[in-house]
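One structure below.
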Amino acid sequence: MPNTQNSPPASPRPRAANPAIEAIDELLGLHGKPGKENEHDNQPEDKTLTPEEREQIRHYEQGLQKMLDLIAPAGMQVRSKEIAMNDQLVRTLYSFNWPNFIYPNWMSTTINQDVTMDIAHYIYPSSNKAIMKMLRKKVAELRSSIRMLEQRGIVRDPTLEAALQDAEELRDLLARGQEKLFQFGMYVTLYADDEERLKKIQTDVESVLGGKLILTKPAYFQMEHGWTSTLPICQDELEINRNMNTSPLAASFPFSSSDLTDDHGILYGINRHNDSLVIFDRFDMPNANSNIFATSGAGKSFTAKLELLRYLMQGTEVLVIDPENEYTNLCEAVSGSFIPLSIQSPFRINPFDLPTAIRGDDAETGEVLRASVVNLHGLLRLMLGPITPSEDGILDKAILDTYALNGISLTTENPGAIEPPTLGQLVDVLMTSEGGENMARILQKYTTGSFAGLFDQKTNVELDRQMIVFQIRDLEEQLRPIAIYIVLNFLWNRIRSQMRKRILVIDEAWNLMQHEDSARFLFGIVKRARKYYLGVTTITQDVDDFVESPFGKAIITNSSLQILLKQSPTTVDNLQKLFYLTDGEKNVLLNSDVGQGIIFAGYKHVAVQIIAGPEEATFITTKPSEIMKKKE
């Protein structure tokens, strides 16, 4: 039989689902107000009922399912050292010693352990009048003891002096009303499947608490009272308490939430745990790189555009690679430039361009050209497809020869000041190179074939605005990775030429991650971005494609800021392993609404609600209905 001793009163009995049973309940008067289902038991019996009818009613009531039957264990055995309950062992600890000083959030290491436990705090107010009288007597005793030691010429006792100082401070705080005195008791009930596991959990909990000088003992021979004391019925049967004033008592609050609020930066949203503002500057972290992962429609682009808009107000330069023309409204609102790239577009970018001036180790003679040749190798492998090692060597020599035809070599002092060659010149060099004819014929598709004009002409793009958006929506699918690679190389040359606070956004970054060469190039930029005061933001909804790349995890590792919004059940498990999410954080991502998620800023995890003002939302919204309404 279930043990119902010291259990909470039964909750209101659920109504029967069967109409016939409901009719009987109404007839017998069993459908009273909530919590009053047994009220008729205390009323005089109905004299009109015969003993047989009353016996039938009693049997009917015994067959009703009550809340106690649902929550009570199937059986339990109370022992001296634990309770055997169902198929688990239960043991309760109580605290008996506390340190002189205790700090907020000291319980976080205890409650975050991966064990099942119940923690109960009992707080009883004490009378300040009686405490003040006791403290006055205690202060007199301590002063007398100190004076007697001085008269004897004995070395002073620091313990007595510290106790006197604490007592005096407490008297002052109580007299001013800044503190109050309470009786405080803390009990912890542990659950385990076997005795060995229970002993290990107990040792771990005692070690964690003991490290903070909070000593505990098992409630031997009082296990039932201890277990009952940690049930949610507010019934303290152990009554093992300690005097404690307001400050340390407040520090013992068992729940805590992370804050991510700085005195400068931009507003990202509201902390969903404590309603504080999430304000920080990503450039204050070890690096300014960030990743945004979310399912379609969860608010990835909205979050990115809101962040960019607020950084623009601080004078940060913004560069965007936009695959779906989602940043056009924001770009127009801030008087930026948007550069559409397509076969029909008049804008051209020459992949052979060199930076005009660079700083640091890369400024050494030959380093600029050498780095550009390496980047061109990656680009040409995207255009050519797989090539053999011998073809790779031929291609390397052809690239250097192409630059040499324009007077640029590894010994040139300032190669960026010389007009660079074009892709068409490389094709001509390959055609005259032994073993390079096949590669030349493939590349002719981009110089004289169907894709001619886009990548084989001089650059005519000017970056003279605070926000520059490169649109690639109208490009053919097979040209997108190539175009993103060329744009990234073009922007990287500009970034290295002039140091300035910048953010580079790559939306739908999986386009680059599906090719090894482009993924390697992106990783190189992310890894070196901090040196050039650059923050790289990668946005993707295809988490698996991003992570399965050999450079995907490396990019995440080199990013101090992670923004995880609503996730689909098919990807959240991989995301949990990747970011070591707790089950609670996993459930937050699964049950989040649009614009809700978790921000990982360094070692801080904060559940956030992204908030935009009405005017901001008109520039950055991506909902088709709102866009159509705005156009109307």
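Segment Leu410..Tyr220, full-extension length gain: 60.2 nm, with 0.36 nm per residue of separation and the alpha-carbon distance subtracted. In this rough spin-label picture, where each label sits 7 Å from Cα along the Cβ direction, the Ile119-Asp428 distance is 7.6 nm. Remark: spin-label model distance Asp573-Arg197 equals 2.2 nm, labels positioned 7 Å along the Cα→Cβ axis.
Span-like helices, the chain: DSSP H, alpha-carbon axial extent 20 Å or more, mean Kyte-Doolittle -1.0 or greater, which ones?
Working: long enough: 128-152 (36 Å, -0.61); 158-176 (27 Å, -0.32); 195-210 (22 Å, -0.70); 367-384 (25 Å, 1.04); 389-405 (24 Å, 0.08); 480-497 (26 Å, 0.52).
Span-like helices here: 128-152, 158-176, 195-210, 367-384, 389-405, 480-497.
Summary of packing: across the peptides 565-577, 482-494, the per-residue average of other C-beta atoms within 10 Å ranks them, highest first, as 482-494, 565-577.
What is the packing order of peptides 532-541, 546-555, 105-114, taking the mean over residues of other C-beta atoms within 10 Å and listing the highest first?
Values: 532-541: 22.7, 546-555: 18.8, 105-114: 14.2.
By packing density, highest mean first, the sequence is 532-541, 546-555, 105-114.
Projecting the Cα positions of Asn414, Ala167, His273 onto the charge dipole of the chain (unit charges on Cβ atoms of Lys, Arg, Asp and Glu, taken about the Cα centre) puts Ala167 furthest along the positive direction. Between Arg147 and Arg242, the contour length at 0.36 nm per residue exceeds the alpha carbon distance by 31.3 nm. If I take R0 = 56 Å and measure r between the Cβ atoms of Asn86 and Tyr603 in this structure, what FRET efficiency does the formula 1/(1 + (r/R0)^6) give, to the nearest 0.05? That gives a FRET efficiency of 0.90. The magnitude of the dipole of the chain, with charges of +1 and -1 set on the Cβ of Lys/Arg and Asp/Glu and taken from the Cα centre, is near 2060 debye. Take every Cα pair under 8 Å whose residues are at least 6 apart in sequence, average their separation, divide by the length of the chain, and the relative contact order is 15 percent.
Excluding same-chain neighbours fewer than eight residues apart, the aspartates and glutamates reachable from Lys604 by a Cα-Cα span under 15 Å are Asp259, Asp262, Asp281, Asp284, Glu585. Extending 7 Å from the Cα toward the beta-carbon at both Asp593 and Asp464 defines two label points whose distance is 4.6 nm. Sparsely packed loop sites in segment 141-195 (the trypsin sites (Lys or Arg not before Pro) outside DSSP H, G, I, E and B with at most 16 other Cβ atoms within 10 Å) comprise Arg156, Lys180.
Please compute the contact order of segment 264-388 in relative form: average sequence separation of alpha-carbon pairs under 8 Å and at least six residues apart, divided by the residue count, as a percent.
On the way: 58 pairs, mean separation 14.5, N = 125.
Relative contact order of segment 264-388: 12 percent.
Within the set (1) 25.2, 82; (2) 29.2, 87; (3) 36.2, 118, the number that Rg and Dmax of the Cα atoms in Å takes when calculated for this structure is listed as (3).
For Lys133 and Phe96, what is the calculated FRET efficiency with R₀ set at 35 Å and r taken between the beta-carbons, to the nearest 0.05?
Working: r = 26 Å, r/R0 = 0.74.
Step by step, r from the Cβ atoms, then E = 0.85.
If each residue of separation counts as 0.36 nm, what is the full-extension length gain between Met67 and Gln183 once their alpha-carbon separation is subtracted? Spell out each step's value before the answer.
On the way: separation 116, 0.36 × 116 = 41.76 nm, distance 3.32 nm.
Extending this stretch completely gives an extra 38.4 nm.
For the pair Glu367 and Glu332, a Förster radius of 35 Å applied to the C-beta separation gives a FRET efficiency near 0.35, rounded to the nearest 0.05.
Values quoted throughout were computed directly from the atomic coordinates according to the rules given, and no laboratory measurement underlies them. Everything quoted here is computed from the prediction, not taken from an experiment. Counting neighbours? That spans all protein chains shown, and the Cβs are built from the backbone with ideal geometry, glycine included.
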